[in-house]
Amino acid sequence: MKKTVFLALLIIFSFARAYCAQTSSSEKWVIAAEKFRYIQGQGKSAVSDSTAEMIPQRILENTSTRLERHILPTEEFSRLYYESKKDRQSLFLQLSSAVKKRDALVLGNYTDAELKKQIAVQNKNISDIYAKIDESIKTLEEKKVQLESFDPEASAKKYEAQKNEGRFSLINFFKDIFSAPESAIPVEQITFYNNDAFYLYNPPELAARKGYESSEFERAVVSAGINALLTGTITSYGNYLLVTVDVYLYPGAEKIGTVSEVGTLADSGFIASGIAYQLVPILTNSMPVRFNFNVEPYELKNLTSMYVDDTFYTSIPDEIIIDSGIHTVQFLSDGYRTISASYYFEGNKSYEIKVLMEPEINGEILMNLRNPLQGKLFAAGIFVDDIMAFENSSDKQEENSKTQLVSNTASISVNGKSILGQFIDTDGNSAFFYIPENLLKGTDELSLMQNSYDNIFVADINPFDRGQYIEKRRRWMYGAYSSLVVSLIPYFIIKGNVETYSSFNGSFSDSARQEYQAWKTAYNIYQWVPLVCGAFFGYEFVRYLLAANTVLPVNAKKVRGAGSESVISKPEIPEIVENEENNEKEAESSVKDDGSLEK
């Protein structure tokens with residue numbers, strides 16, 4: 001009982017902590033875009049106006065709102081400075097009003113005592129305003145000192161240390177359970193202006209004339225709750241467009257990035273997605289990320305080369321530091337499969353990339369069909385060969401029929417991975433087959449010859465129009481369901497009348513008794529109709545599921561009597577040979593009794 005209560009409390013606290021973590025990042029960082037403008041190649045027309053609105057909308061549409069903005073001290077300082085400047089201007093106006101009001105007291109009809117009292121009150125108000133202005137300036141100076149001493153790399157290490165400190169500590173888990181874990185650098189959720197990617201910002205005419213870096217434009221944008229504004233120009237030559245986008249950060253009216261993309265007017269989606277891809281590190285305020293690599297087997301670390309985007313490394317370094325964002329990492333080694341992956345790496349974090357290098361396995365198998373069919377065979381979407389299967393390709397084939405079986409097989413190249421193939425008959429009907437990976441991987445080091453009978457696979461496939469068959473079974477199922485529903489209507493009517501008469505407990509007239517007997521007889525007969533309809537619906541429902549299941553590929557099997565040898569050859573793995581004598585011994589031991597070679 002105690003364990004159950006403890007587990008329940010643990011789950012509740014976990015949800016509470018997750019909820020607090022979610023609400024802590026509820027701050028929004030709003031991005032907006034305005035209508036772009038043509039600077040070359042297009043006059044004012046309905047097409048140009050539509051394009052100038054469509055491109056910024058599609059750029060925002062391709063920008064994921066799951067991104068987060070890292071708020072560095074420079075941006076915090078810009079916000080603080082803007083608010084402080086606005087407060088100090090307001091305080092200065094209050095100060096001016098208070099001084100004028102104090103000086104005007106001497107013109108009032110006051111006694112000396114009253115005048116001194118009123119002047120003292122105004123002097124106190126003036127002193128309070130002085131103190132507020134001094135406090136605002138002091139806060140700015142302190143923030144500026146913090147900005148000058150900010151070190152992104154040290155901040156990243158501090159964040160990792162904070163995260164690792166309480167990773168396995170139960171005390172730290174329950175400590176401040178209802179407060180979100182603090183990050184070394186605050187983050188805000190990126191969202192759209194008016195929560196709509198298609199809603200463009202239209203600045204006031206006066207602010208637009210002053211320019212994006214003017215105080216008037218800054219006030220207009222900040223008043224609209226916008227943190228970043230995308231502005232753009234379009235240059236057109238024929239059907240080709242050059243779109244240049246500037247990103248302005250507010251408050252501060254600072255241009256933080258410029259990106260460009262070239263494409264055709266017909267393929268504006270390519271332009272929009274390309275620009276959105278380039279905007280991600282700018283909008284998220286990318287910070288460095290640290291990569292640590294762990295390659296297995298360990299001895300391959302110095303034999304494996306690596307690409308990080310377009311940068312080539314001849315060997316795997318212990319760690320690298322690059323900007324955050326979407327990166328593609330690829331690993332290459334002779335005799336092993338190439339491994340690659342793309343991922344969005346969030347800034348101010350460390351990532352450990354573990355790589356398990358798998359040997360590159362190549363070989364061939366022979367494929368045939370169990371049913372007498374003729375058509376084309378595809379494996380992994382690639383045409384393999386024309387194939388004709390005869391009835392003697394079944395598992396019960398005699399030994400003397402194997403020659404004909406092999407002559408009608410298709411050769412498929414394999415690499416140790418599972419194979420999904422397709423057979424299309426002469427009528428255009430198709431069926432899929434599947435060879436699982438465990439049948440393609442052997443533990444023996446033998447490489448079977450192509451004319452061997454032990455690497456033949458047979459698939460029991462039946463190509464037909466599955467879409468039409470599934471539709472037929474669906475109609476039958478719906479018909480059975482309709483019959484069940486319709487049969488329930490008279491059933492409930494008959495049963496309702498029987499229940500009504502039964503409620504009188506036999507105290508009714510002879511005519512009513514006869515009517516009751518009639519309803520009861522009808523009920524005794526009709527009660528089996530819904531049961532039959534229900535059974536019919538269940539039967540058709542199962543048939544429909546089985547029909548839908550026919551789209552799944554059938555598993556191919558090895559021909560009966562196949563040996564346990566591998567159907568594929570193992571790759572040559574680099575190794576150090578001590579001397580030539582060992583090489584000669586290995587060469588002699590690689591010749592089998594039947595004359596085949598062993599790799």
Tally of residues being surrounded by 15 or more Cβ atoms within 10 Å (Cβ to Cβ) and in contact with a strand residue (DSSP E or B) (Cβ under 9 Å, 6 or more places away or on another chain) across the range 219-247: 20
Checking LEU200 against (1) out of contact with any Ser or Thr (no Cβ under 6 Å at 6 or more places or on another chain); (2) of a type outside the set (Asp, Glu); (3) in a strand (DSSP E or B), the condition it does not meet: (3)
Residues of the range 84-110 satisfying the condition of being charged (D, E, K, R), free of Cβ contacts under 8 Å to residues at least 12 places away in the same chain and either open to solvent by less than 80 Å² (accessible area, probe 1.4 Å) or under 30 Å from LEU265 (Cα atoms) (or both): LYS85
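This table checks each residue for (1) within 28 Å of SER78 (Cβ to Cβ); (2) of a type in the set (Lys, Arg).
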| position | (1), (2) |
| --- | --- |
| THR244 | yes, no |
| PRO251 | yes, no |
| LYS255 | yes, yes |
| VAL259 | yes, no |
| LEU265 | no, no |
| ALA272 | no, no |
| ILE275 | yes, no |
| PRO281 | yes, no |
Which listed residue is part of a helix (DSSP H, G or I), open to solvent by less than 40 Å² (accessible area, probe 1.4 Å), within 28 Å of TYR523 (Cβ to Cβ) and modelled with pLDDT of 85 or more, from SER487, SER482: SER487
Which numbered condition PHE433 fails, given (1) more than 34 Å from the chain's Cα centre (by Cα); (2) buried (at least 20 other Cβ atoms within 10 Å of the Cβ); (3) modelled with pLDDT of 75 or more: (1)
Meets criteria (of a type outside the set (D, E, K, R), on the phi < 0 side of the Ramachandran plot and open to solvent by less than 30 Å² (accessible area, probe 1.4 Å)) for ALA266: no
Among the residues listed as ASP309, ASP334, the single one being within 20 Å of GLU346 (Cα to Cα) and among the charged types (D, E, K, R): ASP309
Where PHE312 falls short, out of the listed (1) over 25 Å from THR284 (Cβ atoms); (2) in a strand (DSSP E or B); (3) open to solvent by less than 50 Å² (accessible area, probe 1.4 Å): (3)
Residue check, PRO288 closer than 19 Å to GLY347 by Cα and open to solvent by 10 Å² or more (accessible area, probe 1.4 Å): yes
Filter result (of a type in the set (D, E, K, R), in a loop (DSSP other than H, G, I, E, B) and either open to solvent by 70 Å² or more (accessible area, probe 1.4 Å) or in contact with a Pro (Cβ under 7 Å, 6 or more places away or on another chain) (or both)) within the range 322-373: ASP334, GLU360
Flag for SER305 being farther than 21 Å from LEU283 by Cα, open to solvent by less than 40 Å² (accessible area, probe 1.4 Å) and either out of contact with any His (no Cβ under 9 Å at 6 or more places or on another chain) or at pLDDT below 85 (or both): yes
Qualifying residue in the range 457-467 (condition: at pLDDT 75 or above, part of a helix (DSSP H, G or I) and closer than 30 Å to ASN371 by Cβ): yes
Residues being open to solvent by 30 Å² or more (accessible area, probe 1.4 Å), farther than 30 Å from GLY347 by Cβ, assigned to a helix (DSSP H, G or I) and among the hydroxyl-bearing types (Ser, Thr, Tyr) - total across the range 35-83: 1
Subset tally (residues that are of a type in the set (Lys, Arg) and either assigned to a helix (DSSP H, G or I) or modelled with pLDDT of 85 or more (or both)) for the range 407-430: 0
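When you go through TYR250, TYR298 one by one, which is the residue that is over 24 Å from the mean Cα position of the chain (by Cα), open to solvent by less than 20 Å² (accessible area, probe 1.4 Å) and among the hydroxyl-bearing types (Ser, Thr, Tyr)?
Testing whether each residue is over 24 Å from the mean Cα position of the chain (by Cα), open to solvent by less than 20 Å² (accessible area, probe 1.4 Å) and among the hydroxyl-bearing types (Ser, Thr, Tyr) leaves just TYR250.
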Members of the range 222-249 that are within 19 Å of GLU83 (Cβ to Cβ) and without any contact (Cβ under 8 Å) to a residue 40 or more places away in the chain: SER223, TYR248
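The values are calculated or read from the model by the stated rules, or taken from the named source; none is laboratory data. Quick caveat: nothing in here was measured; it's all calculated off a predicted structure. Note that each Cβ is placed from the backbone with ideal geometry, even for glycine, and that neighbours are counted across all protein chains shown. Ligands, DNA and RNA are stripped out before the accessible areas are found, and what is left, the full protein with its side chains, is counted by its heavy atoms. Shrake-Rupley method; radii C 1.70, N 1.55, O 1.52, S 1.80 Å.
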